[in-house]
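Enquirer: Here you go, one structure.
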2 protein chains.
Amino acid sequence: MIKISVFYPNDEGKTFDMEYYCNKHIPMVQEKLGAQCKGVAVEQGLGGAQPGSQPTYVAMGHLYFDSVEAFQSAFGPHAEAITGDIPNYTDIRPTIQISEVKI
Amino acid sequence: MIKISVFYPNDEGKTFDMEYYCNKHIPMVQEKLGAQCKGVAVEQGLGGAQPGSQPTYVAMGHLYFDSVEAFQSAFGPHAEAITGDIPNYTDIRPTIQISEVKI
């Protein structure tokens, strides 16, 4: 299993609409990716390790697939529609990582 | 539900022993934290968004709890044992984030 993580850095002065992200963006992404997307997860940053510290990421979104190839074939045809929706909920430039799920 | 994410940056020249992490460190952490820890997840970084690019994090570990207070009460008494085991699998200094699970 692989995991596509989309990290939204907690940059000063930037905004992130978690309601839109959870209720419009993620459902649209799931609908576009179809059955090859095995799961989704979304988190909102609360803080860092030290009390009162800021989180590194204001939000994170994760998509699970059986393989990198499955992700590419599902995502490719809808890349424009999915990335084109980003300005509707944030002006943050996200960082993306592909990982292998070990546990 | 909250999620404690431990990010290990992909720093040049650093090492990370994924075998030790999955088979020794994480089971020890789970044993110490007990039933208040509702789940664990571990990922190994494969790459970034661009083909051939490096992942931001070589590894990520996640712990799930019902609340920040539940994490603090479970982790506090074992903080030294848990953080003291880090040099046994890596010389990377991890970044920690606390998040609220939205989806």
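The values are calculated or read from the model by the stated rules, or taken from the named source; none is laboratory data. Just so it is clear, the model here is predicted, and its values are computed rather than measured. Glycine gets a Cβ as well: all are built from the backbone with ideal geometry, and neighbour counts include every protein chain shown. Accessible surface areas use protein heavy atoms only, side chains included; no ligands, DNA or RNA. Shrake-Rupley method; radii C 1.70, N 1.55, O 1.52, S 1.80 Å.
Enquirer: Taking interchain pairs and intrachain pairs at least six residues apart, which have beta carbon atoms under 6 angstrom, with the first residue in the stretch A:87-103 and touching a residue at least 24 places away in the same chain (Cβ under 8 Å) and within 14 Å of chain B (Cβ to nearest Cβ) and the second buried (at least 18 other Cβ atoms within 10 Å of the Cβ) and of a type in the set (D, E, K, R)?
Expert: Taking only residues 6 or more apart or on different chains, the pairs are A:99/A:3; A:99/B:43; A:101/A:3; A:101/B:43.
Enquirer: Can you go through A:80, A:100, A:69 and tell me which one is within 23 Å of residue B:21 (Cβ to Cβ) and open to solvent by 60 Å² or more (accessible area, probe 1.4 Å)? Full working, then the answer.
Expert: Working: A:80 fails: within 23 Å of residue B:21 (Cβ to Cβ); A:69 fails: within 23 Å of residue B:21 (Cβ to Cβ).
Going through A:80, A:100, A:69 in turn, the sole match is A:100.
Enquirer: So, in the stretch A:30-48, of the ones that are more than 11 Å from every other protein chain (Cβ to nearest Cβ) and part of a helix (DSSP H, G or I), which residue ends up least open to solvent (accessible area, probe 1.4 Å)?
Expert: Within the stretch A:30-48, the first condition is being more than 11 Å from every other protein chain (Cβ to nearest Cβ), and the residues that meet it are A:31-38.
Narrowing further to those that are part of a helix (DSSP H, G or I): A:31-36.
Numbers: A:31: 129, A:32: 69, A:33: 10, A:34: 32, A:35: 87, A:36: 79 Å².
Only one residue fits best here, namely A:33.
Enquirer: Determine whether residue B:22 is at pLDDT 95 or above, buried (at least 16 other Cβ atoms within 10 Å of the Cβ) and away from chain A (no Cβ under 11 Å). Explain how you work it out, then say what you get.
Expert: Numbers: at pLDDT 95 or above: yes; buried (at least 16 other Cβ atoms within 10 Å of the Cβ): yes; away from chain A (no Cβ under 11 Å): no.
Judged against the criteria, residue B:22 is not a match.
Enquirer: Let me ask something else. Between a residue in the stretch A:5-16 that is over 16 Å from residue B:60 (Cβ atoms) and any residue that is open to solvent by 70 Å² or more (accessible area, probe 1.4 Å), which pairs come within a Cβ distance under 6 Å, given they are 6 or more apart or on different chains?
Expert: Listed pairs, sorted by first residue: A:10/A:54; A:14/A:91.
Enquirer: The conditions are (1) of a type in the set (Lys, Arg); (2) closer than 30 Å to residue A:22 by Cα; (3) touching a residue at least 40 places away in the same chain (Cβ under 8 Å), and residue B:38 fails exactly one of them. Which is it?
Expert: (3)
Enquirer: Could I ask something else about it? With respect to residue A:51, is the statement that it is of a type outside the set (Gly, Ala, Ser), part of a loop (DSSP other than H, G, I, E, B), within 12 Å of chain B (Cβ to nearest Cβ) and crowded, with 20+ Cβ neighbours inside 10 Å true?
Expert: Numbers: of a type outside the set (Gly, Ala, Ser): yes; part of a loop (DSSP other than H, G, I, E, B): yes; within 12 Å of chain B (Cβ to nearest Cβ): yes; crowded, with 20+ Cβ neighbours inside 10 Å: no.
Criteria not met by residue A:51.
Enquirer: Moving on. Tell me which residues, restricted to the stretch A:60-80, are away from every other protein chain (no Cβ under 14 Å) and among the small types (Gly, Ala, Ser).
Expert: Answer for the stretch A:60-80, where residues must be away from every other protein chain (no Cβ under 14 Å) and among the small types (Gly, Ala, Ser): A:73, A:74.
Enquirer: Of the numbered conditions (1) modelled with pLDDT of 95 or more; (2) at negative phi; (3) surrounded by fewer than 16 Cβ atoms within 10 Å (Cβ to Cβ); (4) not aliphatic (A, V, I, L, M), residue A:13 fails exactly one; give the number of that condition.
Expert: Unmet for residue A:13, out of (1) modelled with pLDDT of 95 or more; (2) at negative phi; (3) surrounded by fewer than 16 Cβ atoms within 10 Å (Cβ to Cβ); (4) not aliphatic (A, V, I, L, M): (2).
Enquirer: For the stretch B:44-76, name all the residues that are without any contact (Cβ under 8 Å) to a residue 12 or more places away in the chain and not hydrophobic (A, V, I, L, M, F, W, C).
Expert: Going through the stretch B:44-76, the residues without any contact (Cβ under 8 Å) to a residue 12 or more places away in the chain turn out to be B:46-53, B:69, B:72, B:76.
Hits for the stretch B:44-76 are B:47, B:48, B:50, B:51, B:52, B:53, B:69, B:72, B:76.
Enquirer: Still on this structure, I have one more. Can you name every residue in the stretch A:1-29 that is hydrophobic (A, V, I, L, M, F, W, C) and part of a helix (DSSP H, G or I)? Walk me through how you get there before you give the answer.
Expert: Applying the first criterion (hydrophobic (A, V, I, L, M, F, W, C)) to the stretch A:1-29 yields A:1-2, A:4, A:6-7, A:16, A:18, A:22, A:26, A:28-29.
Matches in the stretch A:1-29: A:18, A:22, A:26, A:28, A:29.
Enquirer: Please go through the stretch B:67-87 and give me each residue that is within 25 Å of residue B:11 (Cβ to Cβ), among the acidic types (Asp, Glu) and in a helix (DSSP H, G or I), ordered by number.
Expert: B:80
Enquirer: Now for a separate question. Name the residue that is nearest to residue A:14 (Cα to Cα), counting only residues in the stretch A:57-66 that are of a type outside the set (A, V, I, L, M, F, W, C) and crowded, with 19+ Cβ neighbours inside 10 Å.
Expert: Of all residues in the stretch A:57-66, those of a type outside the set (A, V, I, L, M, F, W, C) come to A:57, A:61-62, A:64, A:66.
Subset that is crowded, with 19+ Cβ neighbours inside 10 Å: A:57, A:61-62.
Numbers: A:57: 12, A:61: 17, A:62: 21 Å.
My answer is A:57.
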